[in-house]
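Some notes on the structure that comes next.
Every number here is computed from the coordinates shown, using simple stated rules; none is lab data. Nothing here was measured: the structure is a model prediction, and the numbers come from that model. Heads up, the Cβs are rebuilt from the backbone with ideal geometry, glycines too, and the neighbour counts pull from every protein chain shown.
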Amino acid sequence: MASVHTYDKSSHRHVLPLRPTIKDYAWGIRGLDSRVARFALESGVIDEVDPDSPYAELWLGTHPSGPTTLRDGTTLESVVGGQLPFLFKVLSAGKALSIQAHPCKEGAKRLHLENPINYVDDNHKPELAVALTPFEAMCGFRRLEEIAILIKKHPEFAACISNEAKLAIFLCSRDENDKKKALRMLFKSFMSCPAE
């Protein structure tokens, strides 16, 4: 992303300043503390930073929910001749983010065909995180032994898991396939827990 302040029109370089899309999700960092806000200001997407507004994500790509444009309004998609196979994001997370679970490429295509309102594109979501500031992330799951202890220790957690999934965790053998099956049951049960 080139800055509008440093872009020299007389230069014969082929660097085109991009206008990213800014997402203002509630979990974003507010005001100038947000890297997203500062990058948006520097790139000319916004004229000033609202100190009370969350600036959560900056998107560079061809995603239909936030397409990048050039200064003249031309979409990046038309410049590169189609959809990019990735979406570059800068996040400024001020609060813990929700669990992310993305389908594989084949699953994404199928889900998009079946339910395009909730699956707006047919791409999978491989992710790479590069921290620009101090950042904590969790990837994967705890060991089943730890999950079993947490189920016993926290009744509010246990209430979100079916009895069948709890039994699978408690009675799981050391076999890797058995562990995977128990973890799959736990995750499915937890993610489909009713809101109440």
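Taking a ≥ b ≥ c as the square roots of the eigenvalues of the alpha-carbon gyration tensor, the range 13-118 is classed oblate because a/c is 1.5 or more while a/b is no larger than b/c.
Helix 105-114 axis versus longest C-alpha principal axis of the chain: approximately 90°, rounded to the nearest ten.
Amide H contacts for residue 69 (H built 1.01 Å from N in the peptide plane; partners 5 or more residues away or on another chain; cut-off under 5 Å): 19, 76. Between amide H atoms placed 1.01 Å from N, distances below 5 Å from residue 94 occur with 28, 29, all of them 5 or more places distant or on a separate chain. Mean separation of Cα pairs under 8 Å and 6 or more residues apart, divided by the residue count, gives the range 72-179 a relative contact order of 14 percent. Note on residue 180: aspartates and glutamates with a C-alpha under 16 Å away, same-chain residues under 8 apart excluded, are 145, 146, 164.
The phi-based Karplus calculation (6.51 cos²θ - 1.76 cosθ + 1.60; θ = phi - 60°) puts the 3J(HN,Hα) values of the range 181-196 at 5, 5, 5, 4, 4, 4, 4, 4, 5, 5, 6, 9, 5, x, 4, 6 Hz, whole numbers, x for Gly and Pro. Taking the chain, the Cys residues with no second Cys beta-carbon under 4.7 angstrom are 104, 139, 172. Would you mind checking 152/188; 109/181; 23/89; 89/125; 153/181 for any pair whose Cα atoms are more than 21 angstrom apart? Those over the limit are 109/181; 153/181.
Sequentially through the range 133-147, phi angles give Karplus couplings (6.51, -1.76, 1.60; θ = phi - 60°) of 9, x, 8, 10, 9, 10, 9, x, 10, 5, 5, 4, 4, 5, 4 Hz, Gly and Pro residues having no value and appearing as x. Note on semi-axes √(5λ) of the Cα gyration tensor in Å: of the candidates (i) 24, 19, 16; (ii) 41, 21, 14; (iii) 81, 20, 11, the value calculated from this structure sits at (ii).
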